[in-house]
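Undergrad: The following block contains the structure, expressed as C-alpha cells.
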Amino acid sequence: MNLDFTKENYRFNARVSAIIYNKDKTKVLLFKINDGRDFYMLPGGRIELNEDSKTAISREINEELNYNLEYELCSIQENFVSKNNINIMQYCFCYKAIYNYEIERISFNCLDNENQMFYWTDIKDIDKLNILPISNKNLIKEQFNEIQHIIEK
C-alpha cells in the first residue's frame, strides 16, 4: 500500500526519484507518460507504508527498468501544487546513481507500464525540456556533492 492519502481537498504522498547518469555523466535518464502530458520526470515512484526511501528507490527502479544500482541521497524535496482543486503536498527523496553499462537504446518502454517511456537525454539539452518538478533541472546539471533541501511551491 502506497504512502498516499487524501482528506477533503488535500492529498499527501511520499515518493522517491533517481537521477541516473550514464558512466561519463553526459546523459541522464528521464521518463514521460504517453497520456497527453507535456513534461518529463525522473524515474521513481511511491514509497510504500513502512518502507524506507532507499529500499523504495531500489524496488521502483528494479520494477521499472530491471536495474540494480548503488544509490546515494542527493535531495529532499517538498513540493506543493494544486491540481483539479486538490492541494497536493508531496515529499520526495531524490537519489543519484550511475548506470555503468553501455546504453543500448536511447528510448524504451517501462517494464511495468506500457504508457511510460524512458529517454537517455543529453545533459546539455536539459534546459530545452519541460521537467517537473522544476528544481530537478538544477539537481541534474549541478551534480551537488551535499544533500539539498528544496521547497517548491
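Undergrad: Tell me what the chain gives for mean residue ellipticity at 222 nm when only DSSP H runs of n ≥ 4 count, each as -39,500 (n - 2.57), the sum divided by the residue total, rounded to 500 deg cm²/dmol.
TA: -4000 deg cm²/dmol
Undergrad: If you don't mind, another one. Looking at region 1-92, which chymotrypsin sites (Phe, Trp or Tyr not before Pro) are DSSP coil and have at most 13 other C-beta atoms within 10 Å of their C-beta?
TA: For chymotrypsin sites (Phe, Trp or Tyr not before Pro) across region 1-92 that sit outside H, G, I, E and B with at most 13 neighbouring Cβ atoms in 10 Å, the list reads PHE39.
Undergrad: With every protein chain kept in the model, how would you rank ILE88, ILE140, ILE106 by accessible area, 1.4 Å probe, largest at the top?
TA: ILE106, ILE88, ILE140
Undergrad: Do the alpha carbons of any pairs in LYS7/LYS83; LYS7/LYS32; LYS54/LYS141; LYS83/LYS153; LYS32/LYS128; LYS27/LYS124 sit beyond 19 Å of each other, and which pairs? Before the final figure, lay out the partial values.
TA: Numbers: LYS7/LYS83 15 Å; LYS7/LYS32 28 Å; LYS54/LYS141 22 Å; LYS83/LYS153 13 Å; LYS32/LYS128 15 Å; LYS27/LYS124 8 Å.
The pairs that break the limit, which is 19 Å between Cα atoms, are LYS7/LYS32; LYS54/LYS141.
Undergrad: Expressed as an acute angle from 0 to 90° and rounded to the nearest 10, what is the orientation of the C-alpha long axis of helix 53-65 relative to the principal long axis of the chain?
TA: Approximately 60 degrees, to the nearest ten.
Undergrad: Name the residue farthest towards the positive end of the dipole of region 30-135 from the options MET117, SER135, ILE47, assuming +1 on Cβ of Lys and Arg, -1 on Cβ of Asp and Glu, about the Cα centre.
TA: With unit charges placed on the Cβ atoms, the residue in question is SER135.
Undergrad: Any chance you could look up the accessible area of LEU111 with a 1.4 Å probe, heavy atoms only, rounded to 10 Å²?
TA: About 110 Å², ignoring ligands and nucleic acids.
Undergrad: Which whole number of Å³ per residue matches the convex hull of the alpha-carbon atoms in region 1-77?
TA: Values: hull volume 10.4 nm³, N = 77.
Dividing the Cα hull volume of region 1-77 by its residues yields 135 Å³.
Undergrad: Please compute the contact order of region 23-153 in relative form: average sequence separation of alpha-carbon pairs under 8 Å and at least six residues apart, divided by the residue count, as a percent.
TA: Once normalised by length, the contact order is 33 percent.
Undergrad: Over the alpha carbons of the chain, what is the largest minus smallest coordinate on each principal axis, giving the biggest first in Å?
TA: 47, 35, 30
Undergrad: Another question about this same structure. Find the centroid of the Cα atoms in region 4-20 and in region 48-68, then give the distance between the two in whole Å.
TA: Region 4-20 and region 48-68 have Cα centres spaced 15 Å from each other.
The values are calculated or read from the model by the stated rules, or taken from the named source; none is laboratory data. Given the structure is predicted, the values throughout are model-derived calculations rather than measurements. Note: ideal-geometry Cβ built from the backbone for every residue, glycine included; neighbour counts use all protein chains shown. To get the accessible areas, we keep the full protein, side chains included, count just its heavy atoms, and leave off ligands, DNA and RNA. Shrake-Rupley method; radii C 1.70, N 1.55, O 1.52, S 1.80 Å.
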